[in-house]
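Taking it in order: structure first as structure tokens, then the write-up.
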Amino acid sequence: LHYPLRRQRQMCIRDSPHLVQDSSMLYGKVGYHEWEGLSINKDERVRIAENMGDNKVLIMKNHGLLTVGATAGEAFMNMYYAIRMCEVAVQATSSGLPLERATEEMWKLSQKQYDLFSPGLNEWPALLRRCDAKDPSYKE
């Protein structure tokens, strides 16, 4: 996905910008892929897969975000939270105010707590119902 604020942030740093609870579900689950120009080289697929590894999100530097999940709903929610993580990081770092970061132990705890929930399990059906109500032609 090529989302404006996310693109600004992912071009700035390599470390995941975990600043709010929303991003804790992705703590330790973000990979990075250096930009190799247009993604037309078939050999790059191997490197993308290697850089994704067991992660849920891949920040493709100077390109965009890639998310995966066991279901479409999980991949969607991973994208939602990745975008949210980047939006907050851009807003917070551009404020010029000192950032108060939680400890690594707290991020790990919160991430384990998120593991108790299946992302997309409830959200995805609700989003599909909204699409059905607005314009069911997407199914065609």
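The values are calculated or read from the model by the stated rules, or taken from the named source; none is laboratory data. Quick caveat: nothing in here was measured; it's all calculated off a predicted structure. Using ideal geometry, Cβ is built from the backbone for each residue, glycine included, and neighbour counts are taken over all protein chains shown. The protein model used for the area step is the full one, side chains on, heavy atoms only, and it has no ligands, DNA or RNA in it. Shrake-Rupley method; radii C 1.70, N 1.55, O 1.52, S 1.80 Å.
Of everything in segment 83-115, what is farther than 13 Å from residue 26 by Cβ, of a type outside the set (A, V, I, L, M) and part of a loop (DSSP other than H, G, I, E, B)? Give them in sequence order. Matches in segment 83-115: 95, 96, 98, 100, 101, 103. Residues in segment 18-43 that are among the charged types (D, E, K, R) and open to solvent by less than 60 Å² (accessible area, probe 1.4 Å): 22, 29. Residue pairs whose Cβ atoms lie under 8 Å apart, sitting 6 or more positions apart in sequence or on different chains, and linking a residue in segment 117-140 that is in contact (Cβ under 8 Å) with a residue 60 or more places away in the chain to a partner that is assigned to a helix (DSSP H, G or I) and of a type in the set (Gly, Ala, Ser), are 119/73. When residue 105 is tested against (1) closer than 30 Å to residue 38 by Cα; (2) open to solvent by 60 Å² or more (accessible area, probe 1.4 Å), exactly one condition is not met: (1).
Note on segment 113-140: residues that are within 17 Å of residue 56 (Cα to Cα), of a type in the set (Ser, Thr, Tyr) and open to solvent by less than 70 Å² (accessible area, probe 1.4 Å) total 1. If you filter segment 44-87 down to residues that are among the acidic types (Asp, Glu) and without any contact (Cβ under 8 Å) to a residue 40 or more places away in the chain, you find that the one that is surrounded by the most Cβ atoms within 10 Å (Cβ to Cβ) is 44.
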